[in-house]
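Here the structure comes first, spelled out in structure tokens, and everything after it is commentary.
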Amino acid sequence: MTMCEEPIQKNNVIAGPWKARPKREVILQDEKIIEDQENAMFCDTLTEGLLIQMINTIDENGFETNTENFLRDMGWIIESVRSTLYREMDLEHPMSELIREFTKEVEPEEKQKSRHFILDIGRLGDTLKRFRNEDEDEKETE
């Protein structure tokens with residue numbers, strides 16, 4: 001044996017002050033929950049990137065992007081985009097139900113092969129009237 005070689009130790013088990021195992025079983029998150037969280041994070045990041053580009057383009061074309069109305073509208077658009085991406089990943093988003101309830105399919109033209117949906121203004125208007133009436137009723141009872 002040369003000086004650089006060390007003898008092989010056969011009993012090299014280290015006995016340390018290891019903690020005792022817990023009495024309760026450690027429960028790890030379900031893989032589906034982890035996947036959903038990762039998908040939601042991806043959708044959130046994609047939404048942010050898309051909308052930043054859109055807002056910058058709108059701003060560069062001379063529109064005011066710091067007004068309260070613009071920011072409110074963008075909040076609605078942001079959540080609509082996020083909801084759309086979530087739905088594609090089979091994730092729940094409260095805006096999805098609103099979109100489903102307040103849009104309607106337009107009859108396609110003969111040569112048009114793709115489906116087309118628009119905002120159902122009548123239904124939205126009826127709902128807004130009900131909200132306003134409820135608000136008025138609440139003010140009267142106060």
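So, PHE131, is that one hydrophobic (A, V, I, L, M, F, W, C), over 18 Å from the mean Cα position of the chain (by Cα) and either part of a helix (DSSP H, G or I) or modelled with pLDDT of 90 or more (or both) or not?
When the stated conditions are applied, PHE131 passes them.
Criterion first (assigned to a helix (DSSP H, G or I) and not polar (S, T, N, Q)) does ASP90 satisfy it?
Considered against the rule, which asks whether it is assigned to a helix (DSSP H, G or I) and not polar (S, T, N, Q), ASP90 comes out as no.
If you go through segment 58-68 one residue at a time, do you hit one that is surrounded by 10 or more Cβ atoms within 10 Å (Cβ to Cβ), among the aliphatic types (A, V, I, L, M) and under 28 Å from ASP120 (Cα atoms)?
yes
Residues of segment 93-102 being assigned to a helix (DSSP H, G or I), of a type outside the set (Ser, Thr, Tyr) and under 19 Å from LEU51 (Cα atoms), which ones?
Across segment 93-102, the qualifying residues are MET95, ILE99.
Among the candidates ARG82, ARG72, ARG87, which residue alone is without any contact (Cβ under 8 Å) to a residue 60 or more places away in the chain, closer than 21 Å to MET54 by Cβ, surrounded by fewer than 16 Cβ atoms within 10 Å (Cβ to Cβ) and of a type outside the set (A, V, I, L, M, F, W, C)?
It is ARG72.
Scan GLU48, GLU105, GLU35, GLU79 and give me the residue that is under 21 Å from THR127 (Cβ atoms) and in a helix (DSSP H, G or I).
Result: GLU79 is the single residue among GLU48, GLU105, GLU35, GLU79 that is under 21 Å from THR127 (Cβ atoms) and in a helix (DSSP H, G or I).
The values are calculated or read from the model by the stated rules, or taken from the named source; none is laboratory data. Only a predicted model underlies this, so the values are computations on that prediction, with no experimental measurement involved. Note: ideal-geometry Cβ built from the backbone for every residue, glycine included; neighbour counts use all protein chains shown.
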